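Every number in this text was worked out from the coordinates using simple rules, so none of it is lab data. Just so it is clear, the structure is predicted and the values come from calculations on it, not from any experiment. All Cβ positions, even for glycine, are placed from backbone atoms using ideal geometry, and neighbour counts span all protein chains on display.
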Amino acid sequence: MATHSLRDRVAIVAMGCTPFVEHWDKGLDDLAVDAVSDCLEGTGLTTADIDAYWLGTAQGGMSGITLARPLQLVDKPVTRVENYCATGSEALRQAVYAVAAGAYDVAMAVGVEKVKDSGYQGLNAVPVPGDGTQRTLTAAAMFSMVAPAYARRYGVDPAELRAAMARVATKNHANGARNPRAQFRREVSAEQVCNAPVVAGDLGVYDCAGVADGAAAAIVCRAEDAHRFAGTPLFVKALSFIAGNGGGLGDPTYDYTTFPEVAATARDAYAQADITDPAGQLAMAEVHDCFTITELVLAEDLGFSARGTAWRDLLDGRFDLDGDLPVNPDGGLKSFGHPVGASGLRMLFEAWLQLRGEAPPERQIATVGPGRTRALTHNLGGYPGEMVSFVSIVGTETD
Amino acid sequence: MRGITSWGTCLPHWRLDRTAIAPVAGGGGGRGTRAVAGFDQDAVCLAVEAARIALASGTSTPQPRQPDALLFATTAPPLADHTNATVVHAACGLAPDLTAVDLGSSVRSAVGGLVVALRGSGATLVAAGDVRGGRAGSAEEAGGGDAGAAIVVADDDPSSPVVAEVLATASATAEVLDRWRVPGEPHSRTWDERFTEVALRPLVLDAWERALATAGVTPDAVDLLVVDAPTARAGAALARATGATRVADDLAATVGVSGAAHAMLSLANALEDLGAGDDPAGRVVALVHAGDGADVVVLRTTAALPGHVAALGAGRTVVGQVAAGAPVAYGRYLSWRGVLDVEPPRRPEPQRVSSPAAWRAAPWKYAFVGSRDPDTGRVHLPPSRVSADGLRTDTMEPAPLASATGTVATFTVDRVAYSPSPPIIFAVVDFDGGGRFPVELCDLAPDEVAIGTRVELTFRRLHAADGVPNYFWKARPVRGATAPDASVPDGEDA
């Protein structure tokens, strides 16, 4: 038994994405309609031409009817999926598999989340009846335990680590400032980041992703059918997903400096896509920067930096918009907020724009070119020690 | 020979300086401190803590001796129409084959339980806990205290010897309405304090004389008199009336009068005092309880007492716990007791515990029993049916870790998550002998935790929703009696 690469068997041929903001004037239905309309625009297709739908929403509704009703989908198979904060990526994954399996010709993945109607700070999971012994910590608190552990393990001066974490925030906010779909469109200074009110541990407000509503969508079809659609398609090179068993929480050898589920999905995806030097072969990466320290550790788990060096690579600007490997050129979760069901597809949307040369000039990365036509998206959910992780690799050329 | 074979007491970590009351409430307060239960401790939690010590320290065998009956007394039962003693039973990890009942809901119920146990047969665990309050600025608020106490009464046994033999018990009863609370009301009401003293005095002296006659001792032969009265003033007057010469500390200056727990708490303190003294055996100790009548217990210490006190350890004595507390600001105290309604975090409040889920998980939830993989030694917290490699199912052994100590591997302070008293201080704890569990810390300030901090488990009430208290375990620093104090000013972290 093994994971088999679906490399170049499925193509992404259209995408859409709403602005990610506090959409007080739009409900879940409106966001879904907007993202799907944006996705269909220019394709000549209507919703009736899509054979099957996968809806990713963590808490927006139950069942496929959550999408079928607002879009008036008639007699369509619509499946609602949820996989923590990787929910949007999960929708894409299922649509790709269905097409690869030959079950459908054309499928759509839609991710949508309406977070701001809850009235609470941050993200909150729908409670499941239980015995009352579960943790009630915020994600910020769980991830905040990574920073001191990382500093200790690699002997990094906490002030330097602090500066590297601030660099994640300033970099992503600078990118988001150049993105009309982003929630936060102002650059921030390292000083602002470091002096912000504390949320948990050493994480301040600017170390945390925002909270926004939003939706995104993608149409996938068999690679050989991609020519029927205008423009350059993105071929799916690799899809990897792992639901951790929570073992890290109870494992005394787990030291909170790495996310093993992420490292495993990265290995799997690179094997599927034949990537041996991710930082050199990928043109860009969209990663799950739910907290600044998360992006720092992800750079190591995804193989962009050697262990214990991502903090220095960040400070050296390697992951800046004009760096060796731009990471989160759209502004990331930091600038977009994190409507759970939509984020995975929002990441893919930036790869869609950048690899096809459609990003606005002030944000277009220079790394795309011959030999570097692929992008990685990484989406995680859960916490250090108990995590789901998703990695995709897409590219504009078939191998 | 029948008598007390063991005891345990619990003073909560926090102390309210009574001088802090008047500037806020406009009056009241006084001198000294009173013990304050954490926001996460109710009467059951305090009793559990005391009972666990009593069960663990009264025996020379590795397994705690299983009592035949468990009596739980409090004036502040977390639930009515439900037996709260079953929570004490579950948290102590006791076997099912015993009687567990509540005695309520007056102060006298705890002493009544002790008297009945001393007159009865078999081994009885009498556990009491109380959280005493009153309106802001009231004498009840300042004079009350929160505590737990537990005593094991049994016949002498080589593995759990009697440390204080009962010589006599006597009671006197009359209807004296000097203190009352309508069920559901937060605070008690009282009559004039001098009325209490006048009405109770003849009852106390009547029971006192009968008890001494049965025991065959005179007042001057009583080596230490313990008086538990509704107020410190009434207690002092009644002590003088008995003619006994040496009167034990009534703990009013440090703990406050801790309701149903106070008689056993004061008696434990007296036994610890005698047990650590020069001539611990053969000493006569008398307990006088005044309130809704009078109860007198006359005991004589045995040669087993000093060893028991030594085994208890200085940090677990009443004196040791009094010395180890940390101050809590009056505002925070009021918010903990629900008097001051403080803005909560803008986060969802926990939902009520599912009763069936709690029932299924009872060993884990109430007694912190995980599972240990016999093939690898890996400890699973919470317990797992399947081994960590996914290969073996239902081969695990129970791993009871409630008494384990551990070390903080890493920690954080969560300033956003919902808590009845933010912020949440949280740590990943590695237990000695195996097992890791991420768990909330309590009884400390945020700057008191570090990697490497030694912690122990404590049974707490995390919150309540829909009237259902949610009990589970937290960890707190292992403190010696000389641990440095931690201050928790108003509006600061705790």
Chain A - percent relative contact order, Cα under 8 Å, separation 6 or more = 26 percent
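With contacts defined as alpha carbon pairs under 8 Å and 6 or more residues apart, what's the relative contact order of the range B:362-477 in percent? Walk me through the numbers on the way to the answer.
Values: 247 pairs, mean separation 25.7, N = 116.
22 percent.
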In bins 5 Å wide, starting from 0, what share of all Cα pairs of the range A:106-171 does each bin hold, as a percent?
-> 3, 10, 14, 14, 14, 14, 12, 11, 5, 1, 0
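What shape does the range A:36-82 have by the C-alpha gyration tensor, where a ≥ b ≥ c are the square roots of the eigenvalues, rounded means a/c under 1.5, and otherwise prolate means a/b greater than b/c and oblate the rest? Before the final figure, lay out the partial values.
Details: a/c = 2.25, a/b = 1.68, b/c = 1.34.
It comes out prolate by the Cα gyration axes.
If you add up the charges near A:S144, with Lys and Arg at +1 and Asp and Glu at -1, over every other residue whose beta carbon is less than 13 angstrom from its beta carbon, what do you get? Could you put the intermediate results ahead of the total?
Numbers: positive: A:R162, B:R415; negative: A:D202, A:D207, B:D414.
In short, -1.
Using alpha-carbon pairs under 8 Å, 6+ residues apart, how would you state the relative contact order of chain B in percent?
Working: 1232 pairs, mean separation 79.5, N = 494.
It rounds to 16 percent for chain B.
Note the full-extension length gain between A:W24 and A:R307 as 0.36 nm times their separation in residues minus their Cα-Cα distance, in nm to one decimal.
That works out to 97.6 nm of additional length.
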Principal axes first, then extents: for the Cα atoms of the range B:219-303, list largest minus smallest coordinate on each axis, whole Å, largest first.
-> 34, 24, 18
Net charge over other residues, Cβ less than 14 angstrom from the Cβ of A:Q192 (K, R count +1; D, E count -1) = +2
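Do any GluC sites (Glu not before Pro) in the range A:1-88 lie in a loop, going by DSSP, with at most 12 other beta-carbon atoms within 10 Å of their beta carbon, and if so which?
Values: sites: A:E22, A:E41, A:E82; in loops: A:E22, A:E41, A:E82.
Within the range A:1-88, the qualifying GluC sites (Glu not before Pro) (loop, at most 12 other Cβ atoms within 10 Å) are A:E41.
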Ordered by fewest other Cβ atoms within 10 Å, a rough proxy for footprinting exposure, B:E456, B:E272 read B:E456, B:E272
Tell me, what is the FRET efficiency for B:D466 and B:V182 to the nearest 0.05, using R0 = 30 angstrom and their Cβ-Cβ distance as r?
-> 0.85
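Against the 2.2 N^0.38 Å scaling, with N counting residues, where does the range B:405-466 land? I'd like the Cα-based Rg ratio to two decimal places.
Values: Rg = 12.0 Å, N = 62, 2.2 N^0.38 = 10.6 Å.
Rg over 2.2 N^0.38 Å, computed on Cα atoms: 1.14.
Hey, what does the equivalent ellipsoid look like for the range A:252-370, semi-axes from the Cα gyration tensor as sqrt of 5 times each eigenvalue, largest first, whole Å? Mind dumping the intermediate values first?
Values: eigenvalues 101, 56, 44 Å².
Listed largest to smallest, the semi-axes of the range A:252-370 are 22, 17, 15 Å.
Rounded to the nearest 0.05, what FRET efficiency do B:S105 and B:D432 have when you use their Cβ-Cβ distance and R0 = 41 Å? Please report the intermediate quantities before stating the final value.
Details: r = 40 Å, r/R0 = 0.98.
Rounded to the nearest 0.05, the efficiency is 0.55.
Just need the Rg to Rh number for chain B, please, alpha carbons only, Kirkwood Rh. Present the calculation step by step, with values, prior to reporting the outcome.
Working: Rg = 22.3 Å, Rh = 23.1 Å.
We get a ratio of 0.97 for chain B.
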Square roots of five times the C-alpha gyration tensor eigenvalues of the range A:245-318, ordered largest first and given in whole Å, equal 21, 17, 10
By a straight-distance test (C-alpha under 29 Å), which lysines pair with A:K76 as possible cross-link partners, with residues fewer than eight away in the same chain excluded?
-> A:K26, A:K114, A:K237
According to a simple spin-label model (label point 7 Å from Cα along Cα-to-Cβ), what is the distance in nm between B:T395 and A:T276?
-> 4.0 nm
If each part is reduced to its alpha-carbon centroid, the range B:272-348 and the range B:85-145 end up apart, in Å, by 14 Å
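Restricting to DSSP H runs of at least four residues, report the calculated mean residue ellipticity at 222 nm for the protein assembly as shown, -39500 (n - 2.57) per run over all residues, nearest 500 deg cm²/dmol.
My calculation for the protein assembly as shown gives -8500 deg cm²/dmol from helical runs alone.
Highest mean first, how do B:223-229, A:47-53 rank when packing is the count of other Cβ atoms within 10 Å averaged over residues?
Working: B:223-229: 25.6, A:47-53: 19.0.
Top of the packing list down: B:223-229, A:47-53.
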In the range B:302-359, which trypsin sites (Lys or Arg not before Pro) are in a loop and have at most 12 other Cβ atoms within 10 Å, using DSSP for the loop call?
-> B:R346
Roughly how tilted is helix A:260-273, in degrees to the nearest 10 and between 0 and 90, from the longest Cα axis of chain A?
-> 50 degrees
Kindly state, to the nearest 0.05, the FRET efficiency for A:R185 paired with B:E343, given R0 = 22 Å and r defined as their beta-carbon distance.
-> 0.10
Hull surface over four for the Cα convex hull of the range A:49-127, reported in nm², is 5.5 nm²
Distribution output for the range B:362-477: share of Cα-Cα pairs per 5 Å bin in percent, first bin at 0, values 2, 12, 20, 20, 18, 14, 9, 4, 1
Given the C-alpha centroids of the range B:432-446 and the range B:376-430, what is the distance between them in whole angstrom?
-> 9 Å
For a paramagnetic label modelled at 7 Å from the Cα of A:S118 toward its Cβ, which residues of the range A:364-383 fall within the zone defined by backbone nitrogen distances under 18 Å?
-> A:380-383
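Using only alpha-carbon positions, what ratio does the radius of gyration of the protein assembly as shown give when scaled by 2.2 N^0.38 Å? Each step should come with its number before you reach the end.
Numbers: Rg = 32.8 Å, N = 893, 2.2 N^0.38 = 29.1 Å.
Dividing the Cα radius of gyration by 2.2 N^0.38 Å gives 1.13.
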So, in nm, how far is label A:E41 from label B:S121 when the simple model puts each one 7 Å beyond its Cα toward the Cβ?
-> 8.9 nm
B:D192 and A:H4 label points (each 7 Å along its Cα→Cβ direction) are spaced in nm at 9.6 nm
Within 10 Å of each residue's Cβ, count the other Cβ atoms and sort A:I275, B:I425 from fewest upward.
-> A:I275, B:I425
